[in-house]
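Step one of this worksheet: look at the structure below.
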Amino acid sequence: MNINNILSALEAKHPGEHEYLQAVKEVLVSIEDVYNQHPEFEKARIIERLVEPDRIFTFRVTWLDDKGQIQTNLGYRVQFNNAIGPYKGGLRFHASVNLSSLKFLGFEQIFKNALTTLPMGGGKGGSDFSPRGKSNTEIMRFCQAFMLELWRNIGPDTDVPAGDIGVGTREIGYLYGMYKKLARENTGTFTGKGLEYGGSLVRPEATGFGALYFVNEMLKSKNIDIKGKTVAVSGFGNVAWGATLKATELGAKVVTISGPDGYVYDKDGISGEKIEYMLELRDSGEDIVAPYAQRYPNAVFYAGKKPWEQQVDIALPCAIQNELNEVDAKNLITNNVICIAEVSNMGCTAEAIDLLIEKRILFAPGKAVNAGGVATSGLEMSQNAMHIQWSAEEVDQRLHQIMNSIHSQCLQYGKERDGCINYVKGANIAGFMKVAKAMMAQGII
Ligand code: GLU
């Protein structure tokens with residue numbers, strides 16, 4: 001495989017899709033050696049087939065706002081690859097959504113889902129609609145209009161959407177309600193559903209919990225105890241909440257959260273009722289964290305800044321792609337950071353990752369660290385298919401096992417010559433091998 005040729009051909013075909021090209025490049029660079037040891041992959045053009053989505057749906061979503069004005073947004077679903085199972089991945093409602101960001105997320109999802117050990121292919125969708133500042137009824141009307149277009153293309157064994165940024169339990173409820181009305185069936189089709197109508201226990205916490213199980217394994221592999229370690233978390237949504245909850249439970253001290261307005265540093269640690277207050281902040285719909293420092297006066301709010309300037313042992317980007325850049329990585333390294341784990345998808349820029357790997361900082365990519373969310377979605381699908389509900393303990397235990405298995409896969413495929421574990425390489429190769437073998441077995445389709 002000649003990575004440069006493949007990348008320049010992709011760039012010519014999809015100019016300006018920077019995030020998508022960034023995600024593809026990261027995977028190709030890490031699988032290059034393994035790929036070249038398998039001439040049958042090259043002959044079957046596995047890479048050329050894998051980097052293009054199976055299909056993309058783009059549609060107009062028109063809805064009425066509370067003033068009676070007509071609003072128009074764009075809706076998408078990228079069905080990327082279903083070699084190992086039905087397309088599976090979230091919907092993102094955020095002003096930054098475009099085809100490039102959804103293609104990067106869908107591409108990442110293929111490997112992430114492969115790592116979970118469950119039979120799920122990769123997909124992603126969403127809209128440039130932002131729930132921020134919208135009323136409940138506006139959000140409902142938007143979700144219904146979105147579903148009017150998408151419902152025909154999804155199903156429990158075809159494509160199973162879920163939440164992501166801007167899509168939580170409320171939005172899933174509205175989307176699934178409309179889906180059911182149109183499809184006239186009750187087979188699941190969405191994950192992240194409310195507990196009363198087929199949702200799974202532990203799904204809301206799963207991404208954050210899974211991330212901390214993974215981080216704990218990383219630290220244990222270096223004989224480091226997580227107890228007493230300080231943690232910088234970015235974001236203040238569902239993922240940041242779950243991560244803060246589990247980090248605190250494991251004995252670490254979370255000292256930051258952040259929003260589009262800046263970040264909050266709480267030297268006392270964000271624990272107990274302060275963690276639940278994060279959800280209140282999120283549900284206020286204002287998308288700001290500044291009120292935290294008014295409510296808890298020991299905390300300091302830094303307007304327009306990112307938490308990576310603080311001295312911490314562990315850094316967990318939990319907000320959005322490319323939120324930790326090379327300068328941030330340098331700051332953290334200067335401040336003796338021990339571990340950086342992407343809980344958001346592609347939370348670090350390529351330059352930041354190169355630096356972390358070069359300096360041998362314990363670093364792991366989102367597709368391994370945050371796979372607990374989609375893994376628990378897979379467990380929700382299993383429960384729906386069997387028409388049963390597992391206890392929280394049962395789901396949590398399975399989630400924990402899955403995260404340990406992902407960690408083992410990274411160790412198996414990520415060992416460098418000097419004995420260090422390159423988690424980026426490990427996760428990419430492990431995920432890729434499974435998908436490539438499945439594609440080989442199923443012929444040229
Ligand atoms: N949006 C989450 C992710 O990036 C969860 C997807 C899902 O549960 O299907 O993996």
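The values are calculated or read from the model by the stated rules, or taken from the named source; none is laboratory data. Only a predicted model underlies this, so the values are computations on that prediction, with no experimental measurement involved. When we count neighbours, we look across all protein chains shown, and the Cβ atoms used for this are built from the backbone with ideal geometry, even at glycine. Note: areas computed on protein heavy atoms with side chains; ligands, DNA, RNA excluded. Shrake-Rupley method; radii C 1.70, N 1.55, O 1.52, S 1.80 Å.
Applying a DSSP loop filter and a limit of 14 other Cβ atoms within 10 Å to the chymotrypsin sites (Phe, Trp or Tyr not before Pro) in the stretch 91-155 leaves nothing.
Please check the chain for the longest run free of trypsin sites (Lys or Arg not before Pro) that are loop-located per DSSP (anything but H, G, I, E, B) and have at most 16 other Cβ atoms within 10 Å. Value returned for the longest uninterrupted segment is 68-131. Summing Lys and Arg as +1 and Asp and Glu as -1 over all other residues whose Cβ lies under 11 Å from the Cβ of N345 gives a net charge of -1.
Helix-only estimate, please: 222 nm mean residue ellipticity of the chain, summing -39500 (n - 2.57) across DSSP H runs of length 4 or more and dividing by its residues, to the nearest 500. It would help to have the intermediate numbers written out before the result.
On the way: 17 runs with 213 residues, N = 445.
Computed ellipticity for the chain at 222 nm equals -15000 deg cm²/dmol.
Suppose we keep just the DSSP beta bridges with both residues in the chain; what percent of those would be antiparallel, to 5? Just about 55 percent of them are antiparallel.
Just check the chain against the gyration tensor rule for me: Cα atoms, a ≥ b ≥ c as the square roots of the eigenvalues, rounded for a/c under 1.5, and otherwise prolate or oblate depending on whether a/b exceeds b/c. The shape class here is rounded.
Split the accessible area of the chain by element, probe 1.4 Å, and carbon with sulfur accounts for 50%. Evaluate Rg over Rh across the stretch 261-306, taking Cα atoms for both radii and Kirkwood's formula for Rh. The Rg/Rh ratio comes out at 0.93. Only Lys, Arg, Asp and Glu carry charge here, each on its Cβ (+1 for the first two, -1 for the last two); on that basis the stretch 222-280 has a dipole of about 380 debye about its Cα centre.
As a ratio to 2.2 N^0.38 Å, the alpha-carbon radius of gyration computed for the stretch 28-96 takes the value 1.72.
How much length, in nm to one decimal, is gained on full extension between K227 and K359, taken as 0.36 nm per residue of separation minus their Cα-Cα distance? Don't skip to the answer; put the middle values down first.
Numbers: separation 132, 0.36 × 132 = 47.52 nm, distance 2.42 nm.
Length difference between fully extended and current span is 45.1 nm.
Report the full-extension gain for the segment D418 to Y197: residue separation times 0.36 nm, less the Cα-Cα distance, to one decimal in nm.
Details: separation 221, 0.36 × 221 = 79.56 nm, distance 5.09 nm.
The span from D418 to Y197 would gain 74.5 nm if fully extended.
Taking each residue as 0.36 nm, the span from A441 to N298 lengthens on full extension beyond its C-alpha to C-alpha distance by 45.6 nm.
For the stretch 393-431, backbone nitrogen atoms closer than 15 Å to the point 7 Å from E32 Cα along Cα-to-C-beta are found at 425, 429.
Protein heavy-atom accessible surface, 1.4 Å probe, per residue over the chain: 41 Å². In terms of distances greater than 22 angstrom between alpha carbons, the cross-link table entries K25/K306; K229/K330; K227/K330; K67/K193; K88/K367 yield K25/K306; K227/K330; K67/K193. Taking a ≥ b ≥ c as the square roots of the Cα gyration tensor eigenvalues, the stretch 201-321 comes out prolate, since a/c reaches at least 1.5 and a/b is larger than b/c.
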